[in-house]
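Visitor: Attaching a single structure in structure tokens format; questions to follow.
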Amino acid sequence: MFRNIGAPRPGLKKAMAEDFERIVRDYQDKIFRLAFSMLGDHAAAEEAAQDALVRIWRGLPGFRGASSLSTWIYAITRNTCLSARGRRGLAADSLEEPAARIAVEMRVAKAWSAAAAPDAAALLDRLPAKYRAVVALFYMQEKSYDEVARMLDLPIGTVKTYLFRARQSLSEELARERVKKGEA
Amino acid sequence: MACPDFDELIRQGPNGHAGHCDECRALWDAWTEVDEAFESAFAGVAAPPKMAPAVRARIARELGIRRPSILPEALDLIGWAAVLALLAIMLPHLLLRFGAALAGAG
């Protein structure tokens, strides 16, 4: 796979186009999910994912395989998203940045009702910023800790800890509210 | 009965301690609900179908900007080559005529 990358030879342009098509086919969903988890907005995620793919295409002739292809692709996507966050006036720092409020497009006016099923956007909104991308991506990536860790460039232990703490805190809060509601 | 730690409770599932402790049962139910809410919101999220064609169009535009047609340059080259060839053919005749005209005048 990707035998053409880093092998200058006649027909490189065609080979590069084929490699790029393969990247689009294999990674477009993952790039979009990563962007969506970091930006929390469908339109912004699509724009950032497009930008990332164009950057990948531009960088493809220079890619020599120093890191794995997926590592390189995810790094470009993360940097593109951080720039997009900067442009949108959101904290452009990193996932470690504490409790910045990220706009969540999916947020509906629905408050967290103790009776109704909890809304994912409202749940995400209750989490510190550093947990949000991890949680959203975990469910988008079919609950693969390994994939989430690689996509966000976090140690797998950190991903597991963030996920557990996030779900624990939300469950405890929800259960408390349910009990309170039941007592009232 | 002492309630187990949260992670132990989750590990045991609904048939463990949560099966006979109302508070822990509520916690287990909330965990499941949170899990289901996220799963239904995020599972299956994929890139919009129009994204890949849009990327290809952007790249095609960029390639168009980067590499302008060589036709104008080629025509320019042909034109200049023709002018030089014409000069090369005509110059000896012109010089001969000029020389003859000078000799006639002298």
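Visitor: Is the range B:14-26 home to any residue that is of a type in the set (Asp, Glu) and under 46 Å from the mean Cα position of the chain (by Cα)?
Guide: Checking the range B:14-26: not a single residue is of a type in the set (Asp, Glu) and under 46 Å from the mean Cα position of the chain (by Cα).
Visitor: Moving on. Please enumerate the residues belonging to the range B:51-93 that are modelled with pLDDT under 90 and touching a helix residue (DSSP H, G or I) at 6+ places or on another chain (Cβ under 9 Å).
Guide: Within the range B:51-93, B:62 is the sole residue that qualifies.
Visitor: Also, I was wondering about something else. Return the pair list, or none, for Cβ contacts closer than 8 Å from residues in the range A:43-56 that are surrounded by 22 or more Cβ atoms within 10 Å (Cβ to Cβ) to residues that are outside any helix (DSSP H, G or I), at least 6 apart or on different chains.
Guide: A:49/B:47
Visitor: Residue A:152: within 11 Å of chain B (Cβ to nearest Cβ) and among the hydrophobic types (A, V, I, L, M, F, W, C), yes or no?
Guide: So residue A:152 does not fit the description; no.
Visitor: Among (1) more than 8 Å from every other protein chain (Cβ to nearest Cβ); (2) modelled with pLDDT of 85 or more, where does residue A:171 come up short?
Guide: With (1) more than 8 Å from every other protein chain (Cβ to nearest Cβ); (2) modelled with pLDDT of 85 or more applied to residue A:171, the lone miss is (1).
Visitor: If you don't mind, there's one more thing I want to ask. Given the criteria part of a helix (DSSP H, G or I), outside the structural domain of residue A:134 (by TED's automatic domain parsing), within 25 Å of residue A:124 (Cβ to Cβ) and modelled with pLDDT of 95 or more, does residue A:56 qualify?
Guide: It is false that residue A:56 is part of a helix (DSSP H, G or I), outside the structural domain of residue A:134 (by TED's automatic domain parsing), within 25 Å of residue A:124 (Cβ to Cβ) and modelled with pLDDT of 95 or more.
Visitor: Identify the single condition in (1) of a type in the set (D, E, K, R); (2) buried (at least 16 other Cβ atoms within 10 Å of the Cβ); (3) within 18 Å of residue B:33 (Cα to Cα) that residue A:143 does not satisfy, given that it satisfies every other one.
Guide: With respect to (1) of a type in the set (D, E, K, R); (2) buried (at least 16 other Cβ atoms within 10 Å of the Cβ); (3) within 18 Å of residue B:33 (Cα to Cα), residue A:143 is out only on (2).
Visitor: Counting only residues that are under 17 Å from residue B:37 (Cα atoms) and free of Cβ contacts under 8 Å to residues at least 40 places away in the same chain, which one in the range A:122-133 is surrounded by the fewest Cβ atoms within 10 Å (Cβ to Cβ)?
Guide: Once the filter is applied, the top-ranked residue is A:125.
Visitor: Also, quick follow-up: Would you kindly identify the helices (runs of 4 or more DSSP H) lying entirely within the range B:1-81 that contain at least 2 residues that are in contact with a Cys (Cβ under 8 Å, 6 or more places away or on another chain) and in contact (Cβ under 8 Å) with a residue 12 or more places away in the chain?
Guide: B:22-42
Visitor: Quick one: which residue in A:105, A:177 is touching a Gly at 6+ places or on another chain (Cβ under 7 Å) and either among the charged types (D, E, K, R) or modelled with pLDDT of 90 or more (or both)?
Guide: None of the other options fit; the residue is A:105.
Visitor: Here is a follow-up. Any residue in the range A:160-174 that is among the hydrophobic types (A, V, I, L, M, F, W, C) sitting within a Cβ distance under 8 Å of a residue that is modelled with pLDDT of 90 or more and surrounded by fewer than 19 Cβ atoms within 10 Å (Cβ to Cβ)? List the pairs, counting only those 6 or more apart or interchain.
Guide: A:163/A:145; A:174/B:33
The values are calculated or read from the model by the stated rules, or taken from the named source; none is laboratory data. Keep in mind that what you see is a predicted model, and the values were worked out from it rather than measured. No Cβ is skipped: glycine too gets one built from the backbone with ideal geometry, and neighbour counts run over all protein chains shown.
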